[in-house]
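**Q** Please find one structure pasted underneath; my questions will follow.
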Amino acid sequence: MYSTKIVTSFIKDDEKLLILKRSNKVKSMKGLWAGVSGIIENDEEPLKRAKIEIFEEAGITEEKIKLIKAVEEMKVNSPQYENHEWEIFPFLFETKNPTIKLNWENSEFKWIDVDELENYETVPNLQKVLLSLL
């Protein structure tokens, strides 16, 4: 089975959670809601990649976020590709009143309560990944 390593980060501001809607310009999971995600390149440290993705996709700099929790990676079968799994490295960060500047990878963002996530069409297993961090 082919495996792709990715980071998925959730960012909290008080009790609100940031979710992003993937744009039509991305390769996979178009139009679905997600955390801040990205592919880990080569032997890159997952936490380093998470911080890079948060800056690239949401415009939040490293000094504006604080790591709250990281958990063991999770393996999830890809519904899009046969014989493919995502190896997800989950992170939870905290911030205060950030200005969100989306790049081309996402078309919208929302701050929601954790229990509202089930009302959104998300990338596979997003709720499971989030619950592992709470």
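**Q** Residue 60 fails exactly one of the following numbered conditions: (1) open to solvent by less than 20 Å² (accessible area, probe 1.4 Å); (2) modelled with pLDDT of 95 or more; (3) touching a helix residue (DSSP H, G or I) at 6+ places or on another chain (Cβ under 9 Å); (4) closer than 19 Å to residue 129 by Cβ. What is the number of that condition?
**A** (4)
**Q** Shifting gears a bit: Name the pairs whose Cβ atoms lie under 7 Å apart, with the first residue in region 97-108 and open to solvent by 90 Å² or more (accessible area, probe 1.4 Å), the second in a strand (DSSP E or B), and 6 or more positions between them or separate chains?
**A** 97/13
**Q** On to the next question. For residue 7, are the conditions met, namely being free of Cβ contacts under 8 Å to residues at least 40 places away in the same chain, surrounded by 14 or more Cβ atoms within 10 Å (Cβ to Cβ) and in contact with a strand residue (DSSP E or B) (Cβ under 6 Å, 6 or more places away or on another chain)?
**A** no
**Q** Right, next: Quick one: is residue 36 of a type in the set (A, V, I, L, M, F, W, C) and touching a residue at least 60 places away in the same chain (Cβ under 8 Å)?
**A** Here the answer is no, as residue 36 does not meet what is asked.
**Q** Among (1) touching a strand residue (DSSP E or B) at 6+ places or on another chain (Cβ under 9 Å); (2) part of a loop (DSSP other than H, G, I, E, B), where does residue 101 come up short?
**A** Every condition holds for residue 101 apart from (1).
**Q** Now for a separate question. Could you tell me whether region 50-64 includes any residue that is outside any loop (DSSP other than H, G, I, E, B), touching a residue at least 40 places away in the same chain (Cβ under 8 Å), farther than 14 Å from residue 7 by Cβ and basic (Lys, Arg)?
**A** Scanning region 50-64 turns up no residue that is outside any loop (DSSP other than H, G, I, E, B), touching a residue at least 40 places away in the same chain (Cβ under 8 Å), farther than 14 Å from residue 7 by Cβ and basic (Lys, Arg).
**Q** Look at residue 82 and say whether it is at pLDDT below 95 and either touching a helix residue (DSSP H, G or I) at 6+ places or on another chain (Cβ under 9 Å) or open to solvent by less than 90 Å² (accessible area, probe 1.4 Å) (or both). Show your work before the answer.
**A** Values: at pLDDT below 95: yes; either touching a helix residue (DSSP H, G or I) at 6+ places or on another chain (Cβ under 9 Å) or open to solvent by less than 90 Å² (accessible area, probe 1.4 Å) (or both): no.
So residue 82 fails the test.
**Q** If residue 19 passes every condition in (1) assigned to a strand (DSSP E or B); (2) open to solvent by 20 Å² or more (accessible area, probe 1.4 Å) but one, which one does it miss?
**A** So the condition that residue 19 fails would be (2).
The values are calculated or read from the model by the stated rules, or taken from the named source; none is laboratory data. In this text the structure is predicted, and so the values were computed from the model without any measurement. Here Cβ is always computed from backbone atoms with ideal geometry, including for glycine, and neighbour counts include all displayed protein chains. Note: areas computed on protein heavy atoms with side chains; ligands, DNA, RNA excluded. Shrake-Rupley method; radii C 1.70, N 1.55, O 1.52, S 1.80 Å.
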